[in-house]
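Undergrad: One structure, pasted below without further comment.
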Amino acid sequence: MVRLPRLIADRPSSGGTWRLEGDGDMAGGRLLMDVRPLRSSPAFRRLWAGTLLSAVGGQMTTFAVVLQVYTMTGSAVAVGAVGLASAVPSIVLGLAGGVVIDAVDRRKLVLVTSGCLAVVSALFAVQAFAGFGQVWPLYCLVVLQSALAAVNSPARGTFLARLLPPEQVPAGAALTMFTFHFSGTVGPALAGVIAAGWGLRTCYLIDALSFAFALYGVARLPAMPPEGGGTRPGPRAVAEGLRFIGRNRVIGGAFLADMSAMLLGMPYALFPVINAERFGGSAETLGLLTSAVAAGGLAGTALSGWVGRVSRQGRAMLVAGAIWGAAVAGFGLTPTLWPALALLTVAGAADVVSVVFRTSVVQVATPDRYRGRVGAAEYLVGAGCPQLGNFRAGALGSALSPTVSAVGGGLATIVGAGLIALAMPALRRYAAPTTTAAPAARTTTPAGTTAAPCETTTTPDGPQNDVAPLHETL
């Protein structure tokens, strides 16, 4: 007689999760996205839900700005200037914003910056309703929006490791990436429908209203001052943060691996010319090429249930980067559309897995007093390197050929991942810490909140020396 497994509870008295008997720790054999952080942390759940809804509104504004600029000017250069207006403040203010994040209560800072971003979205709506008919107000608002986001986004990033135990950080990072890809997929499509039916002004207005959800999620968080006291803002604090990144082989290696993959392998600038040369040049196929990467990212997050069980997260990040490079190189060699779309989907999935592991490594390996400055540096890497990578791809494609640019860039990405693995063994050996609760009782903080029991973190290899200068490993 076949014995059917019973449904049993993990820690039922504490509201734990349910699993099939015999699954044990391998209940994570599931591929679907791990949603334990949403169940175990009400604060993270509220923050995630508010961010998801607000991110959809943000993508609607991004769509509306581009369409409004093009409608008013008919110029591709004017549309490209929107990207420039967005990138420059991020690069200029990024590191300075990190110092502010490490100096103040991050919850209050995000409340202020999110409130200001809501005002900016409202001003987008005002100019649309007023019908100014001029482009410069849009550029000014984009600059202001980007400057606020350069502080808001890294500050939000510090919440993850404060709200979740280390073993749930990869799942939390995957859920965060899901909001990015979901909003990037749904937001523009929804904006197109709304703009066609009710006009661009409605897109802006919906975005402004959607900030209410984000503000609610942040307002319900506990106070988030930097642990150990905040740093004093100034150039010295910026230099201190850069020295920390430069001396930490794990964090510096994670940044270097991501920079290598983006600078060498980013293929988006090649899509129009490859589409024209191989796939007929229609707008529909060009859209498919672009959306294939996004679809892969969405699938990668939806099927990310396994990432929390990977202990060698640095190694996994390097492997994912190499898969990204191999898929880009394969795309460069493919003469037919459907294999090209399949390879770009694989590339998108590998990219999101790499980002999830990078986020996990950086969040857990960074002391809280540095998280703002390290997060700001990570934001700069994520904002700047893909753009530089696209420039490299386009320049090389024009000088030689799109095939050489894509294949060479993909192969160089694989080589780069291998060299980083050899030169930076601390990243290759980095193991996710495990958390065990000490028997100490809960305590009450001066603010009247309940503090969790003391926790200790260990790795399979014990303590790791990860603070040697980067230049000693290169």
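The values are calculated or read from the model by the stated rules, or taken from the named source; none is laboratory data. Values in this document were obtained by computation on a predicted structure and should not be read as measured data. So basically every Cβ, Gly included, is an ideal-geometry build from the backbone, and we count neighbours across all protein chains shown. Ligands, DNA and RNA are stripped out before the accessible areas are found, and what is left, the full protein with its side chains, is counted by its heavy atoms. Shrake-Rupley method; radii C 1.70, N 1.55, O 1.52, S 1.80 Å.
Undergrad: Tell me, please, whether a residue that is touching a residue at least 24 places away in the same chain (Cβ under 8 Å) and crowded, with 22+ Cβ neighbours inside 10 Å can be found in segment 71-83.
TA: no
Undergrad: Filter segment 124-140 down to residues that are touching a helix residue (DSSP H, G or I) at 6+ places or on another chain (Cβ under 6 Å) and free of Cβ contacts under 8 Å to residues at least 60 places away in the same chain and give me whichever is nearest to GLU240 (Cα to Cα).
TA: Per the stated criteria, the residue is TYR139.
Undergrad: Same structure, new question: Which count do you get for residues in segment 387-414 that are within 18 Å of LEU93 (Cα to Cα) and either open to solvent by less than 40 Å² (accessible area, probe 1.4 Å) or not in a helix (DSSP H, G or I) (or both)?
TA: Number satisfying all stated conditions: 0.
Undergrad: Could you list, ordered by first residue, the pairs with Cβ atoms under 9 Å in which the first is in segment 245-271 and among the basic types (Lys, Arg) and the second is buried (at least 23 other Cβ atoms within 10 Å of the Cβ) and in a helix (DSSP H, G or I), at least 6 apart or interchain?
TA: ARG249/LEU427
Undergrad: Evaluate the following for LEU111: is it crowded, with 21+ Cβ neighbours inside 10 Å and more than 23 Å from GLU240 (Cα to Cα)?
TA: Spelling it out, it is not the case that LEU111 is crowded, with 21+ Cβ neighbours inside 10 Å and more than 23 Å from GLU240 (Cα to Cα).
Undergrad: Quick one: would you say ALA377 is modelled with pLDDT under 85, part of a loop (DSSP other than H, G, I, E, B), within 20 Å of the chain's Cα centre (by Cα) and within 25 Å of ARG315 (Cβ to Cβ)?
TA: no
Undergrad: How many residues are in a helix (DSSP H, G or I), open to solvent by less than 60 Å² (accessible area, probe 1.4 Å) and modelled with pLDDT of 85 or more if we restrict to segment 257-272?
TA: 8
Undergrad: Could you list all residues from segment 279-289 that are without any contact (Cβ under 8 Å) to a residue 24 or more places away in the chain, part of a helix (DSSP H, G or I) and either open to solvent by less than 60 Å² (accessible area, probe 1.4 Å) or acidic (Asp, Glu) (or both)?
TA: GLU284, LEU286, GLY287
Undergrad: Could you tell me which residue of segment 318-362 is surrounded by the most Cβ atoms within 10 Å (Cβ to Cβ), considering only residues that are among the polar types (S, T, N, Q) and under 22 Å from the mean Cα position of the chain (by Cα)?
TA: So, considering only residues that are among the polar types (S, T, N, Q) and under 22 Å from the mean Cα position of the chain (by Cα), the one surrounded by the most Cβ atoms within 10 Å (Cβ to Cβ) is SER360.
Undergrad: Answer with yes or no whether SER54 is touching a Leu at 6+ places or on another chain (Cβ under 6 Å) and either touching a residue at least 60 places away in the same chain (Cβ under 8 Å) or open to solvent by less than 30 Å² (accessible area, probe 1.4 Å) (or both). First the steps, then the outcome.
TA: Values: touching a Leu at 6+ places or on another chain (Cβ under 6 Å): no; either touching a residue at least 60 places away in the same chain (Cβ under 8 Å) or open to solvent by less than 30 Å² (accessible area, probe 1.4 Å) (or both): yes.
Criteria not met by SER54.
Undergrad: Kindly list, by first and then second residue, each pair from a residue in segment 104-120 that is closer than 17 Å to GLY57 by Cα to a residue that is among the aromatic types (Phe, Trp, Tyr), limited to pairs with Cβ atoms under 7 Å and residues at least 6 apart or on different chains.
TA: SER114/PHE211; LEU117/PHE211; ALA118/PHE211
Undergrad: Considering only residues of segment 229-256 that are within 30 Å of LEU343 (Cβ to Cβ) and either of a type outside the set (Gly, Ala, Ser) or over 18 Å from the mean Cα position of the chain (by Cα) (or both), which is most open to solvent (accessible area, probe 1.4 Å)? Spell out the reasoning first.
TA: Residues of segment 229-256 that are within 30 Å of LEU343 (Cβ to Cβ), as a first pass: 253-256.
This time we only want the ones that are either of a type outside the set (Gly, Ala, Ser) or over 18 Å from the mean Cα position of the chain (by Cα) (or both), so: 255-256.
On the way: PHE255: 14, LEU256: 61 Å².
Checked segment 229-256; the qualifying residue most open to solvent (accessible area, probe 1.4 Å) is LEU256.
Undergrad: Just checking, which of GLY314, GLY321, GLY305 is more than 29 Å from GLY281 (Cα to Cα), in contact (Cβ under 8 Å) with a residue 60 or more places away in the chain, assigned to a loop (DSSP other than H, G, I, E, B) and not acidic (Asp, Glu)?
TA: On the way: GLY314 fails: assigned to a loop (DSSP other than H, G, I, E, B); GLY321 fails: assigned to a loop (DSSP other than H, G, I, E, B).
Just a single option satisfies the conditions, and that option is GLY305.
Undergrad: With respect to the numbered conditions (1) without any contact (Cβ under 8 Å) to a residue 12 or more places away in the chain; (2) buried (at least 19 other Cβ atoms within 10 Å of the Cβ); (3) not aliphatic (A, V, I, L, M), which one is the sole condition not fulfilled by GLY217?
TA: Of (1) without any contact (Cβ under 8 Å) to a residue 12 or more places away in the chain; (2) buried (at least 19 other Cβ atoms within 10 Å of the Cβ); (3) not aliphatic (A, V, I, L, M), only one is false for GLY217: (1).
Undergrad: Which numbered condition trips up PHE159, out of (1) open to solvent by 30 Å² or more (accessible area, probe 1.4 Å); (2) closer than 25 Å to ALA365 by Cβ; (3) modelled with pLDDT of 90 or more?
TA: For PHE159, the failing item is (1).
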